[in-house]
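Working notes, beginning with the structure itself.
Every read-out reported here was derived from the displayed coordinates using simple, explicitly stated rules and does not represent laboratory data. These figures come from a predicted structure and were not determined experimentally. We place every Cβ from the backbone using ideal geometry, glycine too, and count neighbours over all the protein chains shown.
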Amino acid sequence: MTEKRVAIVTGGSRGIGAAIVRRLAKDGLHVIAVARNADKLNEVVASVASEGGSAEALVCDIADSKAVSTAVEQMADKHGRLDVLVNNAGITKDGLILRMEDEDFDSVIDTNLKSAFVAIRTAARSIMRSKSGRIINISSVSGVAGNAGQANYAASKAGLIGLSKSVAKELAGKGVTCNVVAPGFITTDMTEGLSDKIKETVKQVVPLRRFGEPQEIAGVVSFLAGPDASYITGQVLMVDGGMVM
C-alpha cells in the first residue's frame, strides 16, 4: 500500500489539469495524471519528478466510460488507496443551438459530465476508506451563468454542480467531501486561441482586468484537497476574477 495520499487527476496532460498535478505532487501526494496524450502526460510526470514530486501517467480516453472505470479501479487496487479525485477533463464544441448537432452535444456531455460520474462511482468505495476523502470537480462560470454558443458545455458544467451537491450529501456520512471549482477565463490553450479583440473585451467584464493563471486554480484545488477544507462540502468556489458575482 502506498504510504503517500494518492490522487487521480483527469485531463492532467495540459493547462489547468497539469497545474493541478504539479501542485498536488508538491503538496506531497502521489498523483496519477490521466489523459489521452501519452507524450504530454509523460512531460508533466517528468516535470514533477524534476521537482522532487511523485507522479505517474495513465493513458485513457475519458469519454470512454468503461475505460474510465477500469483505469480508476486499477489505480486504486495498485496503490491500495485513493484519497483525492479531481475531475478536470473537458472539451468544447461550441456553436449556436440552432445549428448544434446531436453528436456535438453528446460528446461534450460524455467527456465533461458522464466521465466524472463514472469516475466518482468507481472511486467511491476506495475514497470512503480514506480518512480524508476528497472529490473535486472542475466546472466553469459557464455552468453557473450560461454562455451563448455553449449550450452543450454550459449544460455539462452545470450538471457537474448538481452531481457534486448530490455526491456531497450521499458521502458526507463517510467523511468524504465533494466540492466544485468554477474557473473563469484562464490562460490555457483554449483561451490562447481567442483573438486579441475578444481577449480585451473579456478583460473589460472581469473586475480584476486580467485572465487567471492555471496555478491559481491549482491553488484552490490544493486547499480543497487539504486538511483546512475538512468542513467544506457541496460548495462552488468561483475563481473568475469577480466576473460572476
Remind me, what semi-axes does region 58-132 give for its equivalent ellipsoid, largest first in whole Å, using sqrt of 5 times each Cα gyration tensor eigenvalue? 30, 11, 9
Listed peptides 156-162, 86-92 by packing density, highest first (mean Cβ within 10 Å): 86-92, 156-162
Structure-based [θ]222 nm, the chain - -39500 (n - 2.57) summed over DSSP H runs of at least 4, per residue, nearest 500: -14000 deg cm²/dmol
Which order, highest average first, do 40-49, 187-196 follow once you tally other Cβ atoms within 10 Å for each residue and take the mean per peptide? 40-49, 187-196
Pop the C-beta distance of residue 107 and residue 190 into the FRET formula with R0 = 22 Å and round what comes out to the nearest 0.05. 0.85
With the dipole of region 52-151 defined by +1 on each Lys or Arg Cβ and -1 on each Asp or Glu Cβ, the option from 58, 76, 92 whose Cα lies farthest towards the positive pole is 76
The distance between the Cα centres of region 148-167 and region 46-124, in whole Å, is 15
Checking the cross-link filter: which lysines have an alpha carbon closer than 30 Å to that of residue 199, excluding same-chain neighbours under 8 positions apart? 40, 93, 157
Between residue 215 and residue 74, 0.36 nm times their residue separation minus their Cα-Cα distance comes to what? 47.9 nm
Expressed as a rounded percentage, what relative contact order does the chain have, with Cα pairs under 8 Å and six or more residues apart? 19
Using label points projected 7 Å from each Cα along Cα→Cβ, tell me how many nm separate residue 94 and residue 244, to one decimal. 1.5
For residue 203, give me every one of the aspartates and glutamates with a C-alpha distance below 20 angstrom, ignoring sequence neighbours fewer than eight places off in its own chain. 189, 192, 213, 216, 240
First measure r as the distance between the Cβ atoms of residue 121 and residue 38, then evaluate 1/(1 + (r/R0)^6) with R0 = 30 Å and state the FRET efficiency to the nearest 0.05. 0.70
With labels modelled as points extended 7 Å from the Cα through the Cβ direction, what inter-label distance (nm, one decimal) is found for residue 169 paired with residue 132? 2.8
Cα-Cα over 19 Å: which of 4/114; 131/174; 66/131; 26/66; 26/174? 4/114; 66/131; 26/66; 26/174
How large, in Å, is region 121-241 by the Kirkwood hydrodynamic radius built from its alpha-carbon pairs? 15.4
